[in-house]
Amino acid sequence: MTSLSEQILAHSARLPEGVPVCAKGFLHLGNRAAVDQALSRLTETGRLIRVGRGVYLRSVATRFGTRAPSVEQSIQALATLRGETIVVSGAAAANALGLTTQVPVRSVYLTSGRSRTLRYGNQTVELRHAPRWQLVLPNRSAGDAVRALAWLGPDRADHALRLLKAKMPVKVFGELASIAPQLPTWLAQSLGKVVSD
């Protein structure tokens, strides 16, 4: 019979890179204290990485040694696991859309869940609770535009919207315009002004 640690490791090895494992998922193998101890042991040996309270990821073995899994993949898997919406921050969205040349120094994501910090080896990822309107259209260009505009603020929204209208496909900009009623007044007004130009 294999040990609890080996069973946990075998289960995590069958998962795609970045999919988290949680202690609650192994309670059928043993009591909570035994599962927590096995997860702790696997973390100490470097076979699992503890990214947050009760959340672990399998280390990825490469020819150069072990590394943490992809942050983007694991964030999306965590969102699915927890039933949250998690999206890139406004600063990252603005950079990706070409609205700023500033590259965010820290990895920040917006979430519908509680604010918390995750650790991927030496890298820290911050999850910040955000209002529902900033989480609209997750993983879509129009949604990224909303987050970028929220980050840029009311003073730069008109100029940024004109740039987006010129760059984005008509369908994507139309999708952005269609969610105006869900946005704060300042952003809905700027959007209406640029749409009617």
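The values are calculated or read from the model by the stated rules, or taken from the named source; none is laboratory data. In this text, all values refer to a predicted model and were calculated from it rather than measured experimentally. No Cβ is skipped: glycine too gets one built from the backbone with ideal geometry, and neighbour counts run over all protein chains shown.
Counting only residues that are small (Gly, Ala, Ser) and under 25 Å from the mean Cα position of the chain (by Cα), which one in the range 155-173 is farthest from GLY98 (Cα to Cα)? Break it down stepwise before answering.
Step one: list which residues in the range 155-173 are small (Gly, Ala, Ser), which gives 157, 160, 166.
Those still in the list that are under 25 Å from the mean Cα position of the chain (by Cα) too: 157, 160.
Working: ALA157: 14, ALA160: 10 Å.
Step by step, filter the range 155-173, then rank; the result is ALA157.
On the basis of being farther than 30 Å from ARG156 by Cα, of a type in the set (A, V, I, L, M, F, W, C) and assigned by TED's automatic domain parsing to the domain that holds GLN134, does LEU118 make the cut?
Details: farther than 30 Å from ARG156 by Cα: yes; of a type in the set (A, V, I, L, M, F, W, C): yes; assigned by TED's automatic domain parsing to the domain that holds GLN134: yes.
It is true that LEU118 is farther than 30 Å from ARG156 by Cα, of a type in the set (A, V, I, L, M, F, W, C) and assigned by TED's automatic domain parsing to the domain that holds GLN134.
Rundown of residues vs (1) surrounded by 20 or more Cβ atoms within 10 Å (Cβ to Cβ); (2) modelled with pLDDT of 80 or more; (3) under 26 Å from GLU175 (Cβ atoms); (4) more than 16 Å from the chain's Cα centre (by Cα), yes/no style:
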| site | (1), (2), (3), (4) |
| --- | --- |
| LEU57 | yes, yes, no, no |
| GLY65 | no, no, no, yes |
| GLY90 | yes, yes, yes, no |
| LEU97 | no, yes, yes, yes |
| THR100 | no, yes, yes, yes |
| THR117 | no, yes, no, no |
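Has the range 95-108 got at least one residue that is within 22 Å of HIS11 (Cβ to Cβ), of a type in the set (Ser, Thr, Tyr) and out of contact with any Asp or Glu (no Cβ under 6 Å at 6 or more places or on another chain)?
Applying the first criterion (within 22 Å of HIS11 (Cβ to Cβ)) to the range 95-108 yields none.
Looking through the range 95-108, none of the residues is within 22 Å of HIS11 (Cβ to Cβ), of a type in the set (Ser, Thr, Tyr) and out of contact with any Asp or Glu (no Cβ under 6 Å at 6 or more places or on another chain).
Considering only residues that are assigned to a helix (DSSP H, G or I) and either touching a strand residue (DSSP E or B) at 6+ places or on another chain (Cβ under 7 Å) or among the β-branched types (Val, Ile, Thr) (or both), look in the range 145-191 and name the one that is nearest to LEU110 (Cα to Cα).
The selected residue is ARG147.
Contact list please: Cβ distance under 8 Å, first residue in the range 64-89 and in a loop (DSSP other than H, G, I, E, B), second residue of a type in the set (Lys, Arg), pairs at least six apart or on different chains.
PRO69/ARG58; SER89/ARG128; SER89/ARG147
Is it the case that the range 92-106 has a residue that's small (Gly, Ala, Ser) and in a loop (DSSP other than H, G, I, E, B)?
Yes, some residue in the range 92-106 is small (Gly, Ala, Ser) and in a loop (DSSP other than H, G, I, E, B).
Please verify whether GLY18 is of a type in the set (Gly, Ala, Ser), surrounded by fewer than 14 Cβ atoms within 10 Å (Cβ to Cβ), in a loop (DSSP other than H, G, I, E, B) and not assigned by TED's automatic domain parsing to the domain that holds GLY121, treating the condition exactly as stated.
When the stated conditions are applied, GLY18 does not pass them.
Within the range 32-39, is even one residue outside the structural domain of LEU164 (by TED's automatic domain parsing), under 30 Å from LEU137 (Cβ atoms) and crowded, with 18+ Cβ neighbours inside 10 Å?
no
Run THR85 past the list (1) more than 17 Å from LEU15 (Cβ to Cβ); (2) surrounded by fewer than 14 Cβ atoms within 10 Å (Cβ to Cβ); (3) β-branched (Val, Ile, Thr) and report the number of the one that doesn't hold.
(2)
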